[in-house]
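K.L.:
I have a structure here, written as structure tokens, and I will follow up with some questions on it.
The values are calculated or read from the model by the stated rules, or taken from the named source; none is laboratory data. None of these values were measured; they are calculated from a predicted model. Cβ placement follows ideal geometry from the backbone for every residue including glycine, while neighbour counts extend to all protein chains displayed. Surface accessibility is based on the protein's heavy atoms, side chains included, excluding ligands, DNA and RNA. Shrake-Rupley method; radii C 1.70, N 1.55, O 1.52, S 1.80 Å.
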Amino acid sequence: MVGKQVFPHVLRHSTAMRLLRAGVDITVIALWLGHESVATTQVYIHADLELKERALARTAPINVTPGRYQPTDTIIEFLNNL
């Protein structure tokens, strides 16, 4: 971390994200951060892609192998030509 500037907001954000990933309820994180409203803390939920992926994985049908969609070269070519 030599040469980097660490501001209080960065520490708060990093801590909030770690708490969220550890399964701590968003209302507890909001209280811990001193947010007036839980709505202010919602930004952490929207910022956490890992949390979104875990939520989506729980909605996959039983007979489908979980994983990310990989488009074919034909689809990529079509999209590039749009």
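K.L.:
Please give me, ordered by residue number, the chymotrypsin sites (Phe, Trp or Tyr not before Pro) of region 29-75 that lie in loop per DSSP and have at most 13 other Cβ atoms within 10 Å. Don't skip to the answer; put the middle values down first.
P.N.:
Details: sites: TRP32, TYR44, TYR69; in loops: TYR69.
Sites meeting the loop and neighbour criteria: TYR69.
K.L.:
Given the rule -39500 (n - 2.57) for each run of at least 4 DSSP H residues, summed and divided by the residues of the chain, what is its mean residue ellipticity at 222 nm, to the nearest 500 deg cm²/dmol? Each step should come with its number before you reach the end.
P.N.:
On the way: 5 runs with 49 residues, N = 82.
Computed ellipticity for the chain at 222 nm equals -17500 deg cm²/dmol.
K.L.:
How much of the accessible area of the chain, in percent, comes from carbon and sulfur atoms when a 1.4 Å probe is used?
P.N.:
On the way: 4320 of 7110 Å².
With neighbouring chains kept in place, the figure for the chain is 61 percent.
K.L.:
I'd like the accessible area for HIS9: 1.4 Å probe, protein heavy atoms, all chains in place, Å² to the nearest 10.
P.N.:
120
K.L.:
Between ARG18 and ILE75, what is the label-point separation in nm under the 7 Å Cα-to-beta-carbon projection?
P.N.:
3.8
K.L.:
List the GluC sites (Glu not before Pro) in region 16-82 that DSSP assigns to loop (not H, G, I, E or B) and whose Cβ has at most 13 other Cβ atoms within 10 Å. Which are they? Numbers along the way, then the final one.
P.N.:
On the way: sites: GLU36, GLU50, GLU53, GLU77; in loops: GLU36.
Here the sparse-neighbourhood loop sites are GLU36.
K.L.:
If the viscosity is 0.692 mPa s and the temperature 37 °C, what translational diffusion coefficient in µm²/s does Stokes-Einstein give for the chain when Rh comes from Kirkwood over Cα pairs?
P.N.:
Answer, rounded: 206 µm²/s.
K.L.:
Let me ask another. In Å², what does the accessible area per residue of the chain work out to with a 1.4 Å probe?
P.N.:
Numbers: 7110 Å² over 82 residues.
Using a 1.4 Å probe on heavy atoms only, each residue of the chain averages 87 Å².
K.L.:
Compute a Gaussian network model of the chain, connecting alpha carbons closer than 10 Å, and tell me which residue from ILE45, ILE26, ILE62 fluctuates the most.
P.N.:
ILE62
K.L.:
Next question. Count neighbours as other Cβ atoms within 10 Å of each site's Cβ, and list the trypsin sites (Lys or Arg not before Pro) in region 13-82 that are DSSP loop with at most 14 such neighbours. Write down the numbers at each step before the final one.
P.N.:
Numbers: sites: ARG18, ARG21, LYS52, ARG54, ARG58, ARG68; in loops: ARG58, ARG68.
Loop-located and lightly packed - ARG58, ARG68.
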